[in-house]
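Asker: Pasting a structure below so you can have a look.
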Protein chains: 2
Amino acid sequence: MGVIPESNVDVLIVGAGPAGLMMATWMAKCGINARIVDKRGTKIFNGQADGLQCRTLEILDSLGFGHRAWREANHMLEICLWNPDENGIIKRSDRIPDTIPGISRFQQVVLHQGRIERFFLDSIAEASDIRVERGVMPSSLKIDESLVEDDAAHPITVTLRHLTEEEATPKQSSTSANGQSIQDGLFRSNLAKDDTQDLLDASKINAKANSEEVIHAKYMIGADGAHSWTRNQIGLKLEGDSTDYIWGVLDIVPITDFPDIRMRCAIHSADNGSIMVIPRENRLVRLYIQLNTTQKAGDISGRADRSKINPQMILESAQRILAPYKITYRKLDWWTAYQIGQRVGTSFSVHERVFLAGDAVHTHSPKAGQGMNVSMQDSFNLGWKIASVVKGHAQRSILKTYQSERRRIAQDLIAFDHKFSRLFSGRPAKDVMDAEGISMEEFKAAFEKGNMFASGIAVNYGASAIVAKEGSSEEQGDGTDVSVAIAKHRVISDQSLCGGITVGMRIPSHKVLSQADARPWHLHEVLPSNGRWRVVVFAGNTNDNRQRDKLWKLSEAFSAPNSFLDLYTPKGARYDEVFEVLLVHNAPRKSVTVFDFPEVFRPYDEVDGWDYNKIFVDDVSYHEGFGNIYEALGIPQNGCIVIIRPDQYVSYVGSMEKTAAVNSLFAGFMKEQYVPDEAHRRMVALSENNQSFSV
Amino acid sequence: MGVIPESNVDVLIVGAGPAGLMMATWMAKCGINARIVDKRGTKIFNGQADGLQCRTLEILDSLGFGHRAWREANHMLEICLWNPDENGIIKRSDRIPDTIPGISRFQQVVLHQGRIERFFLDSIAEASDIRVERGVMPSSLKIDESLVEDDAAHPITVTLRHLTEEEATPKQSSTSANGQSIQDGLFRSNLAKDDTQDLLDASKINAKANSEEVIHAKYMIGADGAHSWTRNQIGLKLEGDSTDYIWGVLDIVPITDFPDIRMRCAIHSADNGSIMVIPRENRLVRLYIQLNTTQKAGDISGRADRSKINPQMILESAQRILAPYKITYRKLDWWTAYQIGQRVGTSFSVHERVFLAGDAVHTHSPKAGQGMNVSMQDSFNLGWKIASVVKGHAQRSILKTYQSERRRIAQDLIAFDHKFSRLFSGRPAKDVMDAEGISMEEFKAAFEKGNMFASGIAVNYGASAIVAKEGSSEEQGDGTDVSVAIAKHRVISDQSLCGGITVGMRIPSHKVLSQADARPWHLHEVLPSNGRWRVVVFAGNTNDNRQRDKLWKLSEAFSAPNSFLDLYTPKGARYDEVFEVLLVHNAPRKSVTVFDFPEVFRPYDEVDGWDYNKIFVDDVSYHEGFGNIYEALGIPQNGCIVIIRPDQYVSYVGSMEKTAAVNSLFAGFMKEQYVPDEAHRRMVALSENNQSFSV
């Protein structure tokens, strides 16, 4: 067989869907040595997931491409509820905003998964040399358990097989939520111009066809979907079950006199089932259509006979539900059918070395538009943690918070989906005496309540070494113990200090002005996802002597030997390699200049001069109004310190005087940095040179 | 010599700077057969122009890439005026907003010309097969005057020479405003990742090196800069003169304790001259520095001895002016020096066949940040006119309005620049008795007044066939006669109808909601630059019977045989090929649906169904406030018709009843469309097949 190439990599990602690409993006932004493989020969171009929550848009924006999604997407502004009237004819009974006003600077939009993947691919290519290796499948996985706690080790060994073009090019099909897939029609009318290159590149995969290679990885992420190969290899399971509701999905350019076809609609017919209307980009509309049970020729296992389901049959169901309005189409972009089921992984990792993310650990119904969002947010939560451990900034213990934080979210999602699916699939009650029917008032209430959950903004991570708050980490998470190992480093936030900031939630965003040039920025815009922790000092009005004195004392503490900045920033690294120290004051902007503030907020560089981008002020802008962030976040007159994780979730809130608490917090999970030891460096270099051997 | 290839093209563009690229973008968007050549081997990567006015950003946005400029640019929010205090030490005397609040949804920003060119190149490539042909120079130009009034003819014959790599790669140098250039330092630290491909492609130009070809063109645009070859060929001249003020320009990353270095500053020192500070992207700052006259070793011709000017000498001037503040640098990106001069072309075209645009017809000082803007706006004005004539939609007569509209703007610009330069180059007055000094109050007043002019928003085109307003077209333009040829087609707007709309100016933009999906759009966003005229009907509250009746009557007139829609839309073309008919009503959004309005506002297509994107409502949005466009534009209760040119300038305002005036207006310059004549088509095809001949 000759020589099988063998190599080391810090992070191996299996699967280049949204969850895998999010992970690769973190690796690219943080400069981590990573590879990402996918068994398919190309990215997807239509169908699949399409909903983007507010929080997902905030995240994409922090990665530098939220605006691309925002521009291309269809914006859904309003939900129209249609129900049977007293004669059983559907009519619009209510309108509610699709996104609760004020919760985010973005609103829920719709754009198909293939475009999101395009944005990730472009962003990865811009920031790094990482490229998705397509037509590549893992064929074996071994973990050396004796090495899992050794920071420098590569305990994971994976054999990769390069597929032939035939193997890597399945007809693109729907992967329904619970893993039952049906071939689709595949009309590529929607193919975007910047995707064309990908189709051309697909032919390149043949060069290595049928060859194998061996990879030794420090960390591995299985983002390989509902049928996860990685999950099976490490012996983890999904728990839950499926119902017997069957739904069809049509992506069409509708020809209809239904007046709300460009709104998101929840339509309950009297006797013919329900439709969810999701207006999409490029004139498309997605219809989720409940298939009449009489058409459900079930087999013995309780599963539907899917050979009987086709677009015409789904359309006819839609026509019955929408009557007396007419609907048909000439353009069909994609279609599928699925049975609703809800399952969640028993565990999200083994040894905090191999992790699962996305559909590999949770499946549910697609109608609430959660799947792609929760999947991307899984690896958004995990990526910066792995990067900081690989770089030697943080201790391995923070990796346990992935399961604690994300498995809890998956459990909440499954509960939400269960309730929502039942209400949506049920027959509307004819009147208050109709106990078997679903009350439309109850449905509307559930919808409105679900909107907060569905926005992604409500996520509130439990207490842990990296979320300094009261309470039990087991109870607030999924049961995993993620408390601080050394009791003296346990820090508790003063949660009452700022009414608008909740420790464990993402910090809300409002506009602030740059002191140096008066430019308005949304707070989130100055917190891009690059792996840095932010220590934000809200210093109040620094023209007040008391506040100014506190600020200078705080700056002395931050700049002192053995402060967190000193201990945990690698020697010789840029001043903001690990921590960015930001100031938001509310003295009148015109009364001060950047030179009135301590140098820790405007670090000096021999070549670039002073850094003018770290001091902000809560004041009126010329063209974009007044952010009023002090009032919006409830910042007290005497200021506070807010510590924000690299993923924008709040880690800690405390008063300006408590600089010792800041040091303690980071001592709980960061690693002290020493002057590099030449002998050790040489040893590492030697072991990494060991690149291939014969078999 | 063998065969010289010969071919026909509709439009030949010489010069791929901002003016030439703007023209090529129009051609790409309108589907016109065009070529664009440039003698340089690559686009530029640093230095040159950098200011973008509000109006320019609106225009770039209408072309689909304003957001790219907006994101990458440095935003200038405030102008700080620094003047000598009673002891002759500079201090900040005033702050004014850089852009007048409320005049546009964009504000003035700074981004170097090379990036703007990148956005144009990407946009052209996305919309068409047009590519800039680099290393190509015209060597002869002939016009067959007997053919200039023949719509179908190609009266222009140009020989192009393909240069060698050496010829096409001059050291990149500054082109100062009045054409005197000095070699620069060229530090490419600013090279953006997406520009790299261009440098690689530059090597391709060698393949055709030293070959020639002959092109027959219908129209030609000389956008070939201050030394315009095209201008010389057609015998046109620039008129005006230059002063003896000399200015140096440094693009540096400053190391300074001057507190306003990230603001736009106008600094007058007591005795050492003036500085303009322009903060730019990537930590760069551009300094315009007045060079002390003692350093101006003039030669006999009155020109400065430029060999004595270098970055160190310019920096030292800056240090004297800025004292007691310190300034130095370690990174120099670009530098130049120039003498101020103001010149404008005697004519902007010959026979309305060969046109000049940009620096080829106006040069002036760069400090007001006007050059690149006015240049792009020249060809933005011209492009759609040529496209509509080439397509056979409009009569050739509209081409005369280019000179009438743009030469007048150039004249205004030169007058503005003359006044502004004098005030900025002069020594500040020591007191009210110091008659030779410049009053700083006068300077501030000029600055504030100049801001409206400099925004580009104040442009107000004079009466013509395409601007239906009172008065003499000669007096309102540059003297060219551009009145309507047939008197019965002269239409005069009712200018008093809408207080917020001025015929001849660009329509202001405010938010409206799409009726079909409640999405807020800025009005400008629904007026993209694609060559279409817009007939916007502000119908008022259509729940009012009177307004509804008027709307249905208007729709009947628009849909009638021999209406403008019928006469001037090519047979068989899409319903909005030439005119887009839009509706903005102000009935409550929730009280109506799109199906309550006439079909002319929601045209039906057999494949795509109804068009939902042409009906808008002035109502409150869920997340982006209330545009209140009726109040902002002063639309009366009983509505009005507003006709908007393809470049967003208002052509006509009239009452809803005056549908005959709409027909008359278009009769004045549009061409009636007939069923295509097969015989004529074959003749044209034959003449275009005549591709090459031996010499």
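Asker: Does residue A:621 satisfy the criteria of being within 14 Å of another protein chain (Cβ to nearest Cβ) and closer than 25 Å to residue B:74 by Cβ? Reasoning before the result, please.
Answerer: Working: within 14 Å of another protein chain (Cβ to nearest Cβ): yes; closer than 25 Å to residue B:74 by Cβ: yes.
Answer is yes for this residue.
Asker: Condition first: more than 14 Å from every other protein chain (Cβ to nearest Cβ), more than 29 Å from residue A:252 (Cα to Cα), polar (S, T, N, Q) and not in a strand (DSSP E or B). Can you find one or more residues in the stretch A:19-32 that meet it?
Answerer: Within the stretch A:19-32 (the criterion being more than 14 Å from every other protein chain (Cβ to nearest Cβ), more than 29 Å from residue A:252 (Cα to Cα), polar (S, T, N, Q) and not in a strand (DSSP E or B)), the answer is yes, since at least one residue qualifies.
Asker: What's the total number of residues in the stretch A:352-381 that are more than 21 Å from residue A:394 (Cβ to Cβ) and not aliphatic (A, V, I, L, M)?
Answerer: Going through the stretch A:352-381 one residue at a time, the tally reaches 13.
Asker: Yes or no: residue A:469 free of Cβ contacts under 8 Å to residues at least 40 places away in the same chain and surrounded by 19 or more Cβ atoms within 10 Å (Cβ to Cβ)? So that I can check it myself, show each step before the final result.
Answerer: Working: free of Cβ contacts under 8 Å to residues at least 40 places away in the same chain: yes; surrounded by 19 or more Cβ atoms within 10 Å (Cβ to Cβ): yes.
Yes; evaluated as a whole, the condition is true for this residue.
Asker: Shifting gears a bit: Output the residues belonging to the stretch A:590-620 that are touching a Leu at 6+ places or on another chain (Cβ under 6 Å) and over 19 Å from residue A:552 (Cβ atoms).
Answerer: Answer for the stretch A:590-620, where residues must be touching a Leu at 6+ places or on another chain (Cβ under 6 Å) and over 19 Å from residue A:552 (Cβ atoms): just A:619.
Asker: In the stretch A:481-509, which residue that is without any contact (Cβ under 8 Å) to a residue 60 or more places away in the chain and assigned to a loop (DSSP other than H, G, I, E, B) is nearest to residue B:74 (Cα to Cα)?
Answerer: Residues of the stretch A:481-509 without any contact (Cβ under 8 Å) to a residue 60 or more places away in the chain: A:483, A:487, A:492, A:496.
Filter once more, so that each one left must be assigned to a loop (DSSP other than H, G, I, E, B): A:483, A:492, A:496.
Numbers: A:483: 44, A:492: 40, A:496: 38 Å.
Among those that are without any contact (Cβ under 8 Å) to a residue 60 or more places away in the chain and assigned to a loop (DSSP other than H, G, I, E, B), it is A:496.
Asker: Give just the number: which of (1) more than 30 Å from residue B:631 (Cα to Cα); (2) within 14 Å of chain A (Cβ to nearest Cβ); (3) part of a helix (DSSP H, G or I) does residue B:607 not satisfy?
Answerer: (3)
Asker: Let me ask another. Which of the residues belonging to the stretch A:50-65 are in a helix (DSSP H, G or I) and charged (D, E, K, R)?
Answerer: Just the residues of the stretch A:50-65 that are in a helix (DSSP H, G or I), to begin with: A:54-62.
Result: A:55, A:58, A:61.
Asker: Looking at the stretch A:240-257, which of the residues that are surrounded by fewer than 22 Cβ atoms within 10 Å (Cβ to Cβ) and modelled with pLDDT of 90 or more is nearest to the other protein chains (Cβ to nearest Cβ)? If you could, list the steps in order and put the result at the bottom.
Answerer: Of all residues in the stretch A:240-257, those surrounded by fewer than 22 Cβ atoms within 10 Å (Cβ to Cβ) come to A:240-244, A:253, A:255-257.
Cutting the leftovers down to modelled with pLDDT of 90 or more gives us A:253, A:255-257.
Working: A:253: 6, A:255: 4, A:256: 7, A:257: 7 Å.
Among them, the one singled out is A:255.
Asker: Look at residue A:224 and say whether it is within 29 Å of the chain's Cα centre (by Cα), away from every other protein chain (no Cβ under 14 Å) and outside any strand (DSSP E or B).
Answerer: Working: within 29 Å of the chain's Cα centre (by Cα): yes; away from every other protein chain (no Cβ under 14 Å): yes; outside any strand (DSSP E or B): yes.
Yes; evaluated as a whole, the condition is true for this residue.
Asker: Output the number of residues of the stretch B:58-89 satisfying the condition of being of a type in the set (Phe, Trp, Tyr), within 11 Å of chain A (Cβ to nearest Cβ) and closer than 25 Å to residue B:261 by Cα.
Answerer: The qualifying residues number 1.
Asker: Is it true that some residue in the stretch A:545-565 is within 14 Å of chain B (Cβ to nearest Cβ), touching a helix residue (DSSP H, G or I) at 6+ places or on another chain (Cβ under 7 Å), over 30 Å from residue A:458 (Cα atoms) and not in a helix (DSSP H, G or I)? Spell out the reasoning first.
Answerer: Start the filter on the stretch A:545-565 by keeping residues that are within 14 Å of chain B (Cβ to nearest Cβ), which leaves none.
No, the stretch A:545-565 has no match at all.
Here's the yes/no breakdown for (1) in contact with a strand residue (DSSP E or B) (Cβ under 8 Å, 6 or more places away or on another chain); (2) more than 29 Å from residue A:644 (Cβ to Cβ); (3) at pLDDT below 95; (4) surrounded by fewer than 24 Cβ atoms within 10 Å (Cβ to Cβ):
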{"residue": "A:365", "(1), (2), (3), (4)": "yes, yes, yes, no"}
{"residue": "A:372", "(1), (2), (3), (4)": "yes, no, yes, no"}
{"residue": "A:379", "(1), (2), (3), (4)": "yes, no, no, no"}
{"residue": "A:386", "(1), (2), (3), (4)": "yes, no, no, no"}
{"residue": "A:399", "(1), (2), (3), (4)": "yes, no, no, yes"}
{"residue": "A:403", "(1), (2), (3), (4)": "yes, no, no, no"}
{"residue": "A:413", "(1), (2), (3), (4)": "yes, no, yes, yes"}
{"residue": "A:421", "(1), (2), (3), (4)": "yes, yes, yes, yes"}
{"residue": "A:425", "(1), (2), (3), (4)": "yes, yes, yes, yes"}
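Asker: Output the residues belonging to the stretch B:581-604 that are under 14 Å from residue B:548 (Cα atoms), within 13 Å of chain A (Cβ to nearest Cβ) and aromatic (Phe, Trp, Tyr).
Answerer: B:595, B:597 - these are the residues of the stretch B:581-604 that are under 14 Å from residue B:548 (Cα atoms), within 13 Å of chain A (Cβ to nearest Cβ) and aromatic (Phe, Trp, Tyr).
Asker: Residues to consider are A:512, A:535; find the one that is in contact (Cβ under 8 Å) with a residue 12 or more places away in the chain, part of a strand (DSSP E or B), away from every other protein chain (no Cβ under 14 Å) and touching an Asp or Glu at 6+ places or on another chain (Cβ under 9 Å). Full working, then the answer.
Answerer: Details: A:512 fails: away from every other protein chain (no Cβ under 14 Å).
Only one candidate passes the filter, namely A:535.
Asker: Let me ask something else about it. Scan the stretch A:94-101 and tell me whether some residue there is closer than 30 Å to residue A:194 by Cβ, within 14 Å of another protein chain (Cβ to nearest Cβ) and touching a Pro at 6+ places or on another chain (Cβ under 8 Å).
Answerer: First, pick out the residues of the stretch A:94-101 that are closer than 30 Å to residue A:194 by Cβ: A:98-99.
Applying the additional criterion that residues be within 14 Å of another protein chain (Cβ to nearest Cβ) yields A:98-99.
Narrowing the set further to residues that are touching a Pro at 6+ places or on another chain (Cβ under 8 Å) leaves none.
Scanning the stretch A:94-101, I find no residue that is closer than 30 Å to residue A:194 by Cβ, within 14 Å of another protein chain (Cβ to nearest Cβ) and touching a Pro at 6+ places or on another chain (Cβ under 8 Å), so the answer is no.
Asker: Which residue out of A:129, A:122, A:94 is without any contact (Cβ under 8 Å) to a residue 40 or more places away in the chain, surrounded by fewer than 23 Cβ atoms within 10 Å (Cβ to Cβ) and not hydrophobic (A, V, I, L, M, F, W, C)? Break it down into steps so the answer makes sense when it comes.
Answerer: On the way: A:122 fails: without any contact (Cβ under 8 Å) to a residue 40 or more places away in the chain; A:94 fails: without any contact (Cβ under 8 Å) to a residue 40 or more places away in the chain.
It is A:129.
Asker: For residue B:523, indicate whether it is crowded, with 21+ Cβ neighbours inside 10 Å, modelled with pLDDT of 95 or more and within 13 Å of chain A (Cβ to nearest Cβ). Spell out the reasoning first.
Answerer: Numbers: crowded, with 21+ Cβ neighbours inside 10 Å: yes; modelled with pLDDT of 95 or more: yes; within 13 Å of chain A (Cβ to nearest Cβ): no.
No: the conditions fail for residue B:523.
Asker: Tell me, which residue of the stretch B:242-273 that is more than 31 Å from the chain's Cα centre (by Cα) and assigned to a loop (DSSP other than H, G, I, E, B) is farthest from residue B:364 (Cα to Cα)? Can you show your working first?
Answerer: So the first thing to find is which residues in the stretch B:242-273 are more than 31 Å from the chain's Cα centre (by Cα), and the list is B:254-259, B:268-273.
If we keep only those that are assigned to a loop (DSSP other than H, G, I, E, B) as well, we get B:257-259, B:269-273.
Working: B:257: 32, B:258: 29, B:259: 30, B:269: 24, B:270: 26, B:271: 25, B:272: 23, B:273: 20 Å.
Checking each candidate, the answer is B:257.
Asker: Right, something else. For residue B:157, state whether it is out of contact with any Pro (no Cβ under 8 Å at 6 or more places or on another chain), modelled with pLDDT of 90 or more and not in a helix (DSSP H, G or I).
Answerer: Working: out of contact with any Pro (no Cβ under 8 Å at 6 or more places or on another chain): yes; modelled with pLDDT of 90 or more: yes; not in a helix (DSSP H, G or I): yes.
Answer is yes for this residue.
The values are calculated or read from the model by the stated rules, or taken from the named source; none is laboratory data. For clarity, every value in this text was computed on a predicted model and none was experimentally measured. Ideal geometry is used to build each Cβ from the backbone, glycine not excepted, and the neighbour counts take in all protein chains shown.
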